[in-house]
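What follows is a set of notes on a single structure, which appears directly below.
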């Protein structure tokens, strides 16, 4: 029987989760290896160079660029307040002076007698990295960050928007087929990670944002409603930087799709526990999946080993999800796995699978498929 290995979403009841918390450039690490940390604990900080402001002194004072040094009132390296004079002409008999003031609080970085401009550098921008989840510092990345580790429930979704968030897990539906409706979302879920079943509508998601929920987890969402949420059409699925306040994680895809049984049971089992989520998604080389992390206590961890992160195989009859356009998010059943390479529209020769989706038989590259959990 034809058989192929393909990536699948991780739904792990108990595993070791290691999260690298790295600064964008070198800075100061604030914790030591072995320290227990909470999600909001700052583990490292640095400062990004401030924004640059260019001021054309020569134009403002109507002088030649080579004469700029004669009119400057401040020296390179000087701290300057907004509105403070940078340069001033002598005028005529002390009158009719022309001047140029700083538009921002800054430091004078350079003066050019070629362009007649000065460069002002605004204050450095502080950047702090938190621990993201409850756990321990497994190792320190010198001057860059740390690796936080925890025994946790780990569930990946297929697609998400919004970045990192955290809060108490609140399952608001009774079973995985139920829709998460606006009426279920009340003010008492502010700051919580709320869980629905098969679907959440645009109206319900906007209600979750308005009440201040940390995140929403559901089986499906309407693809066309993403433009209303984001303000633009989502082309390549690269997300995570949206400033929405409430992350959205879809465990199954677009449309009304019951949440995977195992995912829903795990979320129900840990209802009320503190949970960290990240809606960042990247469907391309270096795939990033949205995730739900529920750190376990010592009592939770007793009595069972970790789930193994195994590679799943697909074969005829397997339920699969398409992870790239034009059928991104659709779920179907594998009819066959032809052994011969087939030519795609791009003229590349690839291994394919024949997949039945909505009663239609489609030929899809195997690399564009992933297993769907069915138990």
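FYI, it's all coordinate maths here, none of it is from the lab. Values in this document were obtained by computation on a predicted structure and should not be read as measured data. Methodologically, a virtual Cβ is constructed for each residue, glycine included, from the backbone with ideal geometry; neighbour enumeration extends over all protein chains shown.
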Helix 202-211 axis, angle to the chain major axis (alpha carbon atoms, nearest 10°): 50
Most fluctuating residue given options 159, 274, 95, as computed from a GNM of the chain linking Cα atoms under 10 Å: 95
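What number, rounded to the nearest 500 deg cm²/dmol, is the helix-based mean residue ellipticity at 222 nm of the chain, given -39500 (n - 2.57) per DSSP H run of at least four residues and division by all its residues? Display every interim value, and only then the final one.
Details: 6 runs with 37 residues, N = 375.
The helix contribution divided over the chain gives -2500 deg cm²/dmol.
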Binned Cα-Cα distance frequencies in the range 158-274 - 5 Å width, integer %: 2, 13, 25, 27, 21, 9, 3, 0
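Out of all Cα-Cα pairs in the range 64-200, roughly what percent, to the nearest whole number, are more than 21 Å apart?
Values: 6306 of 9316 pairs.
When all Cα pairs of the range 64-200 are counted, 68 percent exceed 21 Å.
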The range 80-134: relative contact order as a whole-number percent, Cα under 8 Å and 6+ apart: 27
Residue-span extension gain [residue 183 to residue 138] - 0.36 nm each, minus C-alpha spacing: 11.9 nm
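Subtracting the Cα-Cα distance from 0.36 nm times the residue separation, let me have the gained length for residue 65 to residue 203 in nm, one decimal.
My answer for the length gained is 43.8 nm.
Percent relative contact order of the chain, based on C-alpha pairs within less than 8 angstrom and at least six residues apart?
Details: 967 pairs, mean separation 71.9, N = 375.
Rounded, it is 19 percent for the chain.
Could I get the Rg over Rh figure for the range 228-292? Both from C-alpha atoms, Rh via Kirkwood, rounded to two places. Could you put the intermediate results ahead of the total?
Working: Rg = 13.5 Å, Rh = 13.7 Å.
The Rg/Rh ratio comes out at 0.98.
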Candidates 249, 129, 111, ranked by Gaussian network fluctuation over the chain, Cα under 10 Å, top entry: 111
For the chain, built as a Gaussian network whose Cα springs stay under 10 Å, the top-fluctuating residue of 357, 155, 209: 357
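R0 = 25 Å: FRET efficiency of residue 222 with residue 361, Cβ-based, nearest 0.05? Walk me through the intermediate numbers first.
Working: r = 25 Å, r/R0 = 1.02.
For R0 = 25 Å, the calculated efficiency reads 0.45.
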Dimensions in Å of the range 52-121 - Rg and Dmax from alpha carbons: 11.2, 36
Computed FRET value (nearest 0.05) for residue 315 with residue 241, which takes r as the C-beta separation and R₀ as 56 Å: 0.90
Exposure proxy ranking, count of Cβ atoms within 10 Å, fewest first, for 71, 277: 71, 277
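Would you order 47, 270, 224 from fewest to most other beta-carbon atoms within 10 Å of each residue's own beta-carbon?
224, 47, 270
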Hull shadow area, averaged, the range 312-371 [alpha-carbon convex hull, nm²]: 3.8
Cα pair distances of the range 193-247 binned at 5 Å [whole percent]: 5, 17, 31, 29, 15, 3
Binned Cα-Cα distances of the chain, short to long, each 10 Å bin given as a whole percent: 5, 19, 22, 19, 14, 10, 8, 3, 1, 0
Length-normalised contact order of the range 52-121 in % [C-alpha pairs under 8 Å, at least 6 apart]: 42
